[in-house]
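> Shown below is the structure under consideration.
All of the numbers you see were taken from the coordinates with simple rules; none came from a lab. The structure displayed is predicted, hence computed values, not measured ones. Here the Cβ positions follow ideal geometry from the backbone for every residue, glycine too, while neighbour counts run over all protein chains shown.
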Amino acid sequence: MFQRLTDKFIPDTKQASSQYRARIGIFQGKISIAVNAFLFIIKFTLGLITGAISLIADAIHTLSDIITSLIVIWGFNQSGKPADSKNPYGHGRAEYVATLIISVLLCVAGIEFIEASIDRIKNPIISEPEWWMVGLIFFTILIKEFTARYANFLSSKIASGLLHADAWHHRVDAISSALVICALVAGKYGLTAIDGWVGLIVSLLLIYTGFDIARDSVDDLIGKPPNSDEFDKVRKIALSVDQVLGVHDIIVHNYGHDMYVSLHVEIDAKKTTAEAHDISEEVEMILKKQIGVEPNIHIDPVFPDNPMVKEVRNKLESISKIDKRIKNIYDIRIVNTNNHNLILFGINTPLATSRGDILELNSYLQKSLSAIFNSYEIRPKISQIYKN
């Protein structure tokens, strides 16, 4: 049903994915505004009639949803803009800013109604709502839950944290309305203080939801490491190119829905400069075709047939079988000059590896290899898995 509704109003044309995402987000924002305006009128009117602070708080919460829906529209309008001279990586992170604003508004609304709810607990007011009023509020819950599910469907469709936050905003409104029903029913039977306590619960729910969503959006703005699936996908695609021997130092930056990638590609050192360039171009082309990124590629020449390289790799692989700190081995090079005899290689460790463990691993690898290659200086390069 949700898919048919979306296809009817927002048909998936051949336009750019960023433009389609913006259209989806703006459409959801407009739906939210219409629904929230209608529900605010119902709840606020009933709140004035009954004098229930929990119902008035719930109505104001619904009104705040209109503001957040405007922010949703603004966020998608901004994120859909193309890159320019001031923002060469596009405007994708505007979506995170909009999500953070929604979170702050949720927390502010919650704090304001804590004071009102505590006052109602101290000074309860008798309210005698009619059953038809309770039924009407239940009807608003159904509408809100439907809107929340549709927003969640769209958030999954376009992988949007902003729409996910909006969906939770709708769902929290539905939950608070359910608690209001409990307060109204309790008030009919003389339990007047319940109204204030339910208002307090709704307020705390608002603050908790706002904080939870804010934490995720702040992580995205600061720049959190991508998940391992993104690394694995980039590595698998690059390794599928003929004559690519290894891939490492993959770095992924996300700017909203746009992703920027840089990586090191290992090829046989016997290849000419022109051949190396052709391999690099092929890796760029296949990554752009399959995951829509224009990567920055660094070519690392290696000597896979060098007997000493093979010996070093075998030793490192035997160590990695018993030392779980080693997740990946790459870029093994032997340097023999008049001034230096070096063994260079890279090691990836898990993200949670401490600085002390990295230093200990570095020392352990140097001692283990020096025992075999005592005329060489051992220089490991150890980095955590986010630089994979």
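> Amide H neighbours of K381 under 5 Å, at least 5 residues apart or on other chains, H built in the peptide plane: list them.
Here F345, G346, I347 satisfy the definition.
> Identify all aspartates and glutamates with a Cα-Cα distance to K122 below 13 Å; exclude those on the same chain that are fewer than 8 residues away in sequence.
Partners within reach: D195.
> Normalised by the residues of the chain, what does the relative contact order come to in percent, with Cα pairs under 8 Å and at least six apart?
Relative contact order here is 13 percent.
> Mind checking Rg over Rh on the chain, alpha carbons, Kirkwood formula for Rh?
On the way: Rg = 29.1 Å, Rh = 25.0 Å.
For the chain, the value is 1.16.
> Then there is this: Fully extended, how many nm does the chain gain between H277 and S370 (0.36 nm per residue separation, minus their Cα-Cα distance)? Don't skip to the answer; put the middle values down first.
Values: separation 93, 0.36 × 93 = 33.48 nm, distance 3.58 nm.
Full extension of this stretch gives 29.9 nm more.
> Report the antiparallel proportion of the DSSP beta bridges in the chain as a percent, rounded to a multiple of 5. Show your work: numbers first, answer last.
Values: 15 of 30 bridges.
Expressed as a percentage, antiparallel bridges in the chain total about 50.
> Report, for region 304-388, the % of DSSP beta bridges that are antiparallel, rounded to 5. Intermediate values should be presented prior to the final figure.
Numbers: 7 of 15 bridges.
Restricted to region 304-388, the bridges split so that about 45 percent are antiparallel.
> Among H61, H277, H164, which comes first, second and so on when ranked by fewest other beta-carbon atoms within 10 Å?
Details: H61 25, H277 12, H164 18.
Listing H61, H277, H164 from fewest to most nearby Cβ atoms yields H277, H164, H61.
> Which residue, H253, H169, H340, tops the fluctuation ranking in a GNM of the chain built on C-alpha contacts under 10 Å?
H340
> In addition: Listing D229, D300 from the residue with the fewest other Cβ atoms within 10 Å to the one with the most, what is the order?
Working: D229 8, D300 19.
Fewest to most other Cβ atoms nearby, the residues stand as D229, D300.
> At a Förster radius of 45 Å, what calculated FRET efficiency corresponds to the Cβ-Cβ distance of Q3 and K86, to the nearest 0.05? Walk me through the intermediate numbers first.
Details: r = 38 Å, r/R0 = 0.84.
For Q3 and K86, the calculated efficiency is 0.75.
> Can I ask one more? For K327, list long-range residues whose amide hydrogen, built 1.01 Å from N in the peptide plane, is under 5 Å from its own amide hydrogen.
Here N348, T349 satisfy the definition.
> I need the helices of the chain that pass two filters: whole DSSP H segments spanning 30 Å or more by Cα along the axis, and mean Kyte-Doolittle score no lower than 0.5. All intermediate terms of the calculation are to be shown ahead of the outcome.
Numbers: long enough: 17-50 (49 Å, 0.89); 53-79 (38 Å, 1.13); 94-122 (43 Å, 1.28); 131-158 (41 Å, 0.88); 161-188 (41 Å, 0.78); 193-222 (44 Å, 1.09).
Helix filter hits for the chain: 17-50, 53-79, 94-122, 131-158, 161-188, 193-222.
> Please give the peptides 99-112, 204-217 ranked by average Cβ packing (other Cβ atoms within 10 Å per residue), highest first, as a rough proxy for protection.
Working: 99-112: 20.2, 204-217: 18.4.
With the highest mean Cβ count within 10 Å placed first, the list reads 99-112, 204-217.
> Based on Cβ point charges of +1 for Lys and Arg and -1 for Asp and Glu, what charge dipole magnitude is obtained for the chain about its Cα centre, in debye rounded to the nearest 20?
On the way: 39 positive and 42 negative charges, 55 e Å.
So the magnitude is around 260 debye.
> With a 10 Å Cβ neighbour count serving as the proxy for reagent exposure, in which order, fewest first, do W131, W74 appear? Intermediate results must be reported in sequence, preceding the final value.
Working: W131 10, W74 18.
Ascending number of Cβ neighbours within 10 Å: W131, W74.
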